[in-house]
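Let me begin by presenting the structure, written as structure tokens, before commenting on it.
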């Protein structure tokens, strides 16, 4: 029996996310095994995310220039090869800090390209009405793999044998590649009459985003929401441990409440969109998320905070899934990779600012204040940018997706 293309893409993403979660735990543990220098250990983590800053603007142009299905297959093979190098290095006790830094950087670069290609392929694999369902499935599998099962498995496997988690990651990447070999959808956009530089092509995506009213306001709205989320998340551990005098284990359980809420949000989002529509769902989710975030500062009950964390996770994931689907439904296929990468740069660029700002506010004004201000930012941005997004968004014919056969 042959699966639908969406099933192959989902299965590939689920396998890859599980491997990513195992790697998230195993790479820092291997770094600590190699060196106890805090700067060196932190450098490995920084190398994993450096590609987003260095290549985030151009990666979309690469995704739009080449066949996306083949690009996705090749990135998984590259990641598999890198993981096998690490397996060999650990096996012969030759894992060094320079090797870890190079491997982390290359893995992060390949992961960035793969993530962008998956988002660009999603509206090709399913029609507009199925975007929420597939995006929700990809998000849920990512949450399970990267936040729950993967890190736990990575820690246990490394404690058993340092080589084991890297063998497991290689297996998940091989499985992901195998599913992609069965994916049969058009992967290449029509060739332009004149080929420009990657920078010039990336600017086309930026220009389209800035000129499209719905995408423009949505991107700034997402950045404002992420600013608030980062400010709250960065100070939650101090609020729980120092303000409420609870244990680190309780903090972990509160994070789990948010994760479970996110899974529930992913499961329910397609039904919510059918009931309310895309932009109204985003408005409702962001309002509830903002109120839940502010509410954390107004209670000392760990049970109530757990409920608020569940609501914040539920609404945050719903906002993200519907926002991605809205962007994919509007953007022409020829620009999908570029608009995706630039949108992510704008939306995620506020995360470090929010984290730093939240810490500074907590230090100066008290541990509860970041939650109040974060909630105010989230609600305020919804009542301005959210309503502007709703006003800008109108029903429109689906963009023409010019593709050639594989």
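Here are the numbers for the structure shown:
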item	result
Ranked list, fewest to most other Cβ atoms within 10 Å of each Cβ, for 197, 341, 17, 141	197, 141, 17, 341
321, 342, 283, 356 arranged by Cβ crowding within 10 Å, fewest neighbours leading	356, 283, 342, 321
Cβ-derived FRET efficiency at R0 35 Å, residue 46 paired with residue 195, nearest 0.05	0.55
Distance between modelled label sites at residue 391 and residue 54, nm, 7 Å Cα→Cβ extension	4.3
Whether the range 160-314 is rounded, prolate or oblate, judged on the alpha carbon gyration tensor where a/c under 1.5 counts as rounded	oblate
Gain in span if fully extended, residue 152 to residue 303, counting 0.36 nm per residue against the direct Cα distance	51.9 nm
C-alpha center-to-center spacing [the range 172-250, the range 125-144] in angstrom	15
Per-pair calculated FRET efficiency, R0 = 51 Å: residue 207 and residue 360 via Cβ, rounded to 0.05	0.90
FRET efficiency estimate (nearest 0.05) - Cβ-Cβ, residue 70 to residue 253, R0 56 angstrom	0.80
GNM flexibility winner over the chain from 211, 390, 23 (Cα, springs under 10 Å)	211
The chain: calculated mean residue ellipticity at 222 nm from DSSP helix runs of at least 4, using -39500 (n - 2.57)	-26500 deg cm²/dmol
Answer label for percent of Cα pairs over 28 Å apart (calculated), chosen among [x] 56; [y] 59; [z] 49	[z]
Residues 132, 212 arranged by fewest to most Cβ contacts within 10 Å	212, 132
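The numbers here are math on the coordinates, done by the rules we state, and not lab data. Quantities reported herein were computed from a predicted structural model and do not represent experimental measurements. Here Cβ is always computed from backbone atoms with ideal geometry, including for glycine, and neighbour counts include all displayed protein chains.
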